[in-house]
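What follows is a short report on a single structure.
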Ligand SMILES: [Zn+2]
């Protein structure tokens with residue numbers, strides 16, 4: 001099963017990707033993980049990536065494509081994978097299409113978790129993190145027992161740094177501009193599963209599996 005999962009930041013795509021990876025026994029390939037791994041390897045790609053990130057730039061498409069390609073050529077990807085966080089742009093999607101063609105396979109389905117931007121902003125701005133032990137909470141879905149205090153270590157909780165309103169809005173704007181066009185791109189190829197993402201995790205998983213098995 002060759003899959004891709006898409007959705008705005010905070011749509012829960014990482015959670016769904018992990019569930020699907022277990023179910024289909026395929027690796028979960030998240031762009032965050034492969035970037036971290038690439039930086040640990042001290043070669044040309046690793047150095048180039050480190051440089052782009054140090055400058056605070058978006059990683060260029062060409063470099064991203066190379067890093068993903070190296071990962072997809074590994075043996076555990078031969079029978080499938082679930083991509084999460086890549087491709088992010090049409091140019092990356094074109095490169096992925098060419099790579100898969102060369103490898104003699106192609107995406108079976110592209111899952112899009114459709115969640116309204118306002119719902120996302122609400123969800124993300126309600127996440128709390130314990131900087132001491134790393135536990136995370138959510139004011140709505142998983143509140144700490146005592147307000148503002150970590151259940152595990154009793155330290156005080158803070159709003160996740162990348163979740164303050166401006167960052168959230170910036171991330172959503174980048175998504176709307178660069179990534180959202182991919183929905184239509186894959187819809188035209190007739191492999192898109194559009195899933196209502198503002199339901200609970202179990203319900204969203206059921207809807208995804210129903211679409212994949214169709
Ligand atoms: Zn704690």
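Values quoted throughout were computed directly from the atomic coordinates according to the rules given, and no laboratory measurement underlies them. Quantities reported herein were computed from a predicted structural model and do not represent experimental measurements. Glycine also receives a Cβ, built like all others from the backbone with ideal geometry; neighbour counts cover every protein chain displayed.
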*Using Cα pairs under 8 angstrom and six or more residues apart, how large is the relative contact order of segment 1-126, in percent?*
48 percent
*Cα-based helix-to-principal-axis angle, 165-174 vs the chain, degrees rounded to 10*: 10 degrees
*Pairing the Cα long axis of helix 13-24 with the longest principal axis of the chain, what angle in degrees results, from 0 to 90 and rounded to the nearest 10?*
60 degrees
_Isotropic mean projected area of the C-alpha convex hull, segment 130-182 (nm²)_ = 4.7 nm²
*Find the relative contact order for the chain and round it to a whole percent, using C-alpha pairs within less than 8 Å whose residues are 6+ positions apart.*
27 percent
*Folded to 0 to 90 degrees: helix 90-103 orientation relative to the chain principal axis, Cα*: 50 degrees
*Hey, what did segment 96-214 get for relative contact order, percent, Cα under 8 Å, at least 6 apart?*
32 percent
*Computed FRET efficiency, Cβ-Cβ of residue 176 and residue 211, R0 22 Å: what is it to the nearest 0.05?*
0.40
*asked:* Let me see the P(r) profile for segment 121-214: every Cα-Cα distance counted, bins of 10 Å, each bin given as a percent of all pairs.
replied: 14, 29, 31, 19, 6, 0
*Could you work out the helix-only [θ] at 222 nm for the chain, with each DSSP H run of four or more residues adding -39,500 (n - 2.57) and the total divided by the number of residues, to the nearest 500 deg cm²/dmol?*
-13500 deg cm²/dmol
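Just how many % of Cα pairs in the chain lie over 29 Å apart, if you round to the nearest whole percent?
More than 29 Å apart: 31 percent of the Cα pairs in the chain.
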_Please report Rg (one decimal) and Dmax (integer) in Å for the Cα set of segment 1-53._
13.7, 37
*segment 40-102-segment 121-189 distance, computed between alpha-carbon centres (Å)*: 25 Å
*Where is the GNM fluctuation largest for the chain (alpha-carbon springs, 10 angstrom cutoff): 72, 96, 129?*
129
